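Below is one structure; the comments refer to it alone.
The values are calculated or read from the model by the stated rules, or taken from the named source; none is laboratory data. Model, not experiment: these values are computed from the prediction. With ideal geometry, Cβ positions are generated from the backbone for all residues, glycine too; neighbour counts draw on all protein chains shown. Calculation scope for accessible area: heavy atoms of the full protein, side chains included, ligands and nucleic acids excluded. Shrake-Rupley method; radii C 1.70, N 1.55, O 1.52, S 1.80 Å.
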Amino acid sequence: MIAQATERKAWWKVALVTVPVIVVLGNLSGLLSNSGYSNPWFDAVRKPGFMPPGWVFGVAWTILYTLMGLSVAMVISAPNSAWRRRGLIFFTVQLVLNYLWSPVFFGAAAIDVGFLIIIAMAVALCLTISLFWRVEKVAALLLLPYLAWLCLATALNFEIGRLNPGADRAPLGITGG
């Protein structure tokens, strides 16, 4: 019992690694793919009326990546179980998809492929939340703002595709037209 309590308290030490790593990699993904209004392609496309100002994205993603880092640190520090292992697998899948989305959407201007990625990301995140709930409820709750933001990002991705037929450099015909 004491060993388990000590292990549980150590989650914040894990967070000292997970938070900066997740935040830095997320920022690198956006920076290397020239995400946002500094991207000439993105600046030129029509945006939906519910598009937040550009500065909101940097603030939101920094907060969300921090919450993700705290959440995964709690689960990493929890006692080993099948739920924990599965949760960490799906967390990794959604995180890889997250880091992949900016290069695809902004870097390649592939709106439709970006839409497929964001849908897969949302599914993986829902599975992650469900599995984390079985391991550490607070860790699951920390991911809910990310899920809410991802719903907004999905709607933005879809609407940008709908408002800009022909702007997709890798058209699949999902959102355009």
What pairs come out if I take residues in segment 9-29 that are touching a residue at least 24 places away in the same chain (Cβ under 8 Å) and pair them with residues that are open to solvent by 60 Å² or more (accessible area, probe 1.4 Å) and of a type in the set (A, V, I, L, M) whose C-beta lies under 6 Å away, six or more apart or interchain? V14/I76
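State yes or no: is R85 at pLDDT 95 or above, under 15 Å from E136 (Cα atoms) and among the basic types (K, R)? Even if it seems obvious, please write down each step before you answer.
Working: at pLDDT 95 or above: yes; under 15 Å from E136 (Cα atoms): yes; among the basic types (K, R): yes.
For R85, the condition - at pLDDT 95 or above, under 15 Å from E136 (Cα atoms) and among the basic types (K, R) - is met.
Quick check on this structure: which one of A122, A109, A82 is small (G, A, S) and at positive phi? If you could, list the steps in order and put the result at the bottom.
Numbers: A122 fails: at positive phi; A82 fails: at positive phi.
Every option except A109 fails the conditions.
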Can you name the residue in segment 142-167 that is in a loop (DSSP other than H, G, I, E, B) and on the phi < 0 side of the Ramachandran plot and is also most open to solvent (accessible area, probe 1.4 Å) among such residues? P165
For segment 64-100, which positions are touching a residue at least 24 places away in the same chain (Cβ under 8 Å) and outside any helix (DSSP H, G or I)? A78, P79, S81
Condition check for V138: open to solvent by 20 Å² or more (accessible area, probe 1.4 Å) and under 30 Å from P79 (Cβ atoms): yes
Would you confirm whether any residue within segment 113-134 is assigned to a loop (DSSP other than H, G, I, E, B), in contact (Cβ under 8 Å) with a residue 12 or more places away in the chain and open to solvent by less than 50 Å² (accessible area, probe 1.4 Å)? no
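Taking the options S77, S71, name whichever one is modelled with pLDDT of 95 or more, among the hydroxyl-bearing types (S, T, Y), closer than 16 Å to A148 by Cβ and open to solvent by less than 30 Å² (accessible area, probe 1.4 Å). Even if it seems obvious, please write down each step before you answer.
Values: S77 fails: closer than 16 Å to A148 by Cβ.
None of the other options fit; the residue is S71.
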